[in-house]
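For reference, the structure discussed in these notes is given below.
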Amino acid sequence: MHRTRVRIVEDALDANNTIARANRVDFDRHEVTVLNLMSAPGAGKTTLLERALAQPLDGGTRVGVLEGDVQGSLDADRLASLHIPVTQLNTGNGFGGECHLDANMVRSAIDSLPLAEIDLLVIENVGNLVCPAEFRVGEDARAMVCSVTEGEDKPLKYPLMFRACELVLINKIDLLPHLDIDLDKLLNHLDAVNPGVQRILTSAKTGEGVAQLRTWLSELASRRAHQPGVPGGPSNGPTALHPPIF
Amino acid sequence: MHELSLASGVVDTALRHSGGQTVTVVSLRVGHLRQVVPDSLRFCFEIVARDTACEGAELRLTEVDLTLECRDCGHGWSPRGPAFRCPDCGSAAVTVTGGEELQIEYIEVEDKEDACTARG
């Protein structure tokens with residue numbers, strides 16, 4: 001049998017990245033900034049969003065949420081009471097329910113997103129500390145929630161996720177007096193894995209840090225206004241997926 | 001589950017380049033940072049490849065160590081654990097020079113004529 005070797009040298013997730021770029025073009029056309037928000041299940045993404053988006057953001061930033069879940073619309077229902085546009089995206093049609101959102105899933109939801117009516121789209125990814133970090137969806141920025149109940153070692157165990165984000169929300173800090181966790185140790189581990197990454201200590205229960213998160217979201221949305229070519233039309237094109245993977 | 005998603009990407013990419021021929025080998029470079037469990041990836045690859053031109057193909061994995069370089073002092077090193085600050089000058093301006101790969105290097109396909117003969 002004769003075999004032929006075909007040289008490829010291509011990232012195995014290139015197909016996903018190509019679709020992510022197409023998403024990005026659509027978001028750019030509508031001048032919508034997109035945040036991919038990730039965490040382990042139960043870290044508090046939805047509750048933090050509920051607190052942060054209970055009042056309109058400064059600067060008149062209009063927010064919409066794309067809610068990714070394996071099944072059901074429990075989180076979307078909670079956010080809908082905030083009177084902001086919330087779109088549910090279930091991954092349950094995949095291999096027993098995909099554990100992350102990929103670019104194609106987000107693409108399938110684009111037509112149902114009110115892009116003309118929002119400035120900032122928060123994509124709440126499926127709760128998982130591994131897979132979501134691998135898949136670009138066309139976002140401008142990535143942030144994650146890490147709750148103190150998860151222990152100090154999570155940055156060391158999941159460096160891919162912790163390095164992929166430009167903001168880490170250390171959540172549930174109201175519980176610190178009841179836990180054995182050493183917060184300094186957690187922050188040191190975070191610094192080892194992603195030196196200098198921005199972090200905000202939050203409690204969705206007491207509201208601590210929520211004002212800072214709101215400011216960060218407003219500033220994220222206004223970044224677009226400072227980019228060359230935006231506003232006033234689409235950005236300079238889908239030449240690169242940004243931010244880069246690491 | 002992570003490996004299953006990655007295996008789908010690997011099979012899709014291999015099929016796209018196979019020109020419709022039977023794929024016998026897929027060579028993949030996997031960086032340490034991708035947190036891939038080789039046996040799990042092989043297992044998932046086998047499942048995803050079923051009923052495709054990649055069915056039965058050998059998955060050759062080359063693991064790539066994590067290597068870093070400091071943009072401030074130029075120091076290059078290979079950290080033992082996930083420590084991304086320069087050990088020489090303490091800078092956070094560090095570039096990952098290796099270890100992020102999930103790269104298909106090459107595939108091997110059966111030549112069409114042979115494949116026809118084999119089937120015939």
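Report the convex hull volume per residue for the protein assembly as shown, counting only C-alpha atoms, in Å³. Could you put the intermediate results ahead of the total?
Numbers: hull volume 57.0 nm³, N = 366.
Roughly 156 Å³ of hull volume per residue.
Please compute the per residue accessible area over the range B:1-108 with all protein chains in place, 1.4 Å probe, rounded to a whole number of Å².
On the way: 4950 Å² over 108 residues.
About 46 Å² of surface per residue is accessible.
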Alpha carbon centroid spacing (whole Å) that separates the range A:119-185 from the range A:203-219: 15
Suppose every K and R has +1 on its Cβ and every D and E has -1 on its Cβ; what is the size of the dipole of the range B:14-89 about the Cα centre, in Debye to the nearest 20? 120
Run through the DSSP bridge list for the range A:31-182 and note the antiparallel percent, rounded to the nearest 5. 0
Using Cα-Cα distances under 8 Å and only pairs 6 or more residues apart, what relative contact order does chain A have, in percent? 27
Measure of exposure for B:Leu66: accessible area at 1.4 Å probe, Å² rounded to 10, is 10
Between B:Arg60 and A:Ala54, the FRET efficiency computed from the C-beta separation at R0 = 35 Å comes out, to the nearest 0.05, as 0.05
Accessible area of A:Ser73, 1.4 Å probe, to the nearest 10 Å²? 50
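Averaged across B:78-84, how many Cβ atoms of other chains sit within 10 Å of each residue's Cβ atom?
Working: counts 0, 1, 0, 5, 12, 7, 10.
Mean shielding by partner chains, rounded to a whole number: 5.
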Among DSSP bridges having both ends in the protein assembly as shown, what percentage is antiparallel? Round to the nearest 5. 35
For A:Glu152, what accessible area in Å² do you get when you roll a 1.4 Å probe over the heavy atoms of the protein chains, rounding to the nearest 10? 50
If unit charges are put on Cβ atoms (+1 for Lys and Arg, -1 for Asp and Glu) and the dipole of the protein assembly as shown is taken about its Cα centre, the option from A:Ile118, A:Leu187, B:Val10 lying farthest towards the positive end turns out to be A:Ile118
Using DSSP, restrict attention to beta bridges with both residues in chain B and report what percent are antiparallel, rounded to the nearest 5. 65
Can you give the accessible area buried between chains B and A, summed over both chains, with a 1.4 Å probe, in Å² to the nearest 100? 3200
Please arrange A:Tyr158, B:Tyr106 by accessible surface area, largest first, computed with a 1.4 Å probe and ligands excluded. A:Tyr158, B:Tyr106
Cβ neighbours within 10 Å, averaged per peptide: list B:22-29, A:203-210 in order, most packed at the top. B:22-29, A:203-210
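Can you tell me how much longer the chain between A:Ala22 and A:Thr4 gets when fully stretched, taken as 0.36 nm per residue apart minus their C-alpha distance, in nm with one decimal?
Details: separation 18, 0.36 × 18 = 6.48 nm, distance 3.35 nm.
Between A:Ala22 and A:Thr4, full extension yields 3.1 nm more.
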In a Gaussian network model of chain A with springs linking alpha carbons closer than 10 Å, the residue among A:Arg51, A:Arg107, A:Arg78 that fluctuates most is A:Arg78
Förster radius 41 Å - calculated FRET efficiency between B:Arg42 and A:Glu117 (Cβ-Cβ, nearest 0.05): 0.30
Taking only the alpha-carbon positions of the range B:1-59 as identical scatterers, the Debye log10 I(q)/I(0) at q = 0.15, 0.20, 0.30 Å⁻¹ comes out as -0.38, -0.67, -1.36
Mind listing the long-range amide H neighbours of A:Glu31? Cut-off is under 5 Å, sequence gap 5 or more, other chains count too, H placed in the peptide plane at 1.01 Å from N. none
Per-residue mean of C-beta atoms belonging to partner chains within 10 Å, peptide B:104-110: 5
Please list, ordered by chain and number, the residues whose modelled amide H lies under 5 Å from the amide H of A:Thr202; skip anything fewer than 5 residues away on the same chain. A:Ile170, A:Asn171, A:Lys172, A:Ile173
Would you mind checking which residues have amide H under 5 Å from B:Val64's amide H? H placed 1.01 Å from N; only 5 or more apart, or other chain. B:Val30, B:Gly31, B:His32
Extreme residue, positive dipole direction of chain A, given options A:Val70, A:Pro132, A:Leu176 (C-beta unit charges): A:Pro132
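What average number of partner chain Cβ atoms lie no more than 10 Å from the Cβ of the residues making up B:35-44? Kindly include the intermediate steps, with their values, before the conclusion.
Details: counts 8, 0, 0, 0, 0, 0, 0, 0, 0, 0.
That average works out to 1.
The values are calculated or read from the model by the stated rules, or taken from the named source; none is laboratory data. All values reported here derive from a predicted model rather than from experimental measurement. Positions of Cβ are generated from backbone atoms using ideal geometry, with glycine treated the same way; all protein chains shown enter the neighbour counts. Accessible surface is based on the protein model in full, side chains and every heavy atom, while ligands, DNA and RNA are left aside. Shrake-Rupley method; radii C 1.70, N 1.55, O 1.52, S 1.80 Å.
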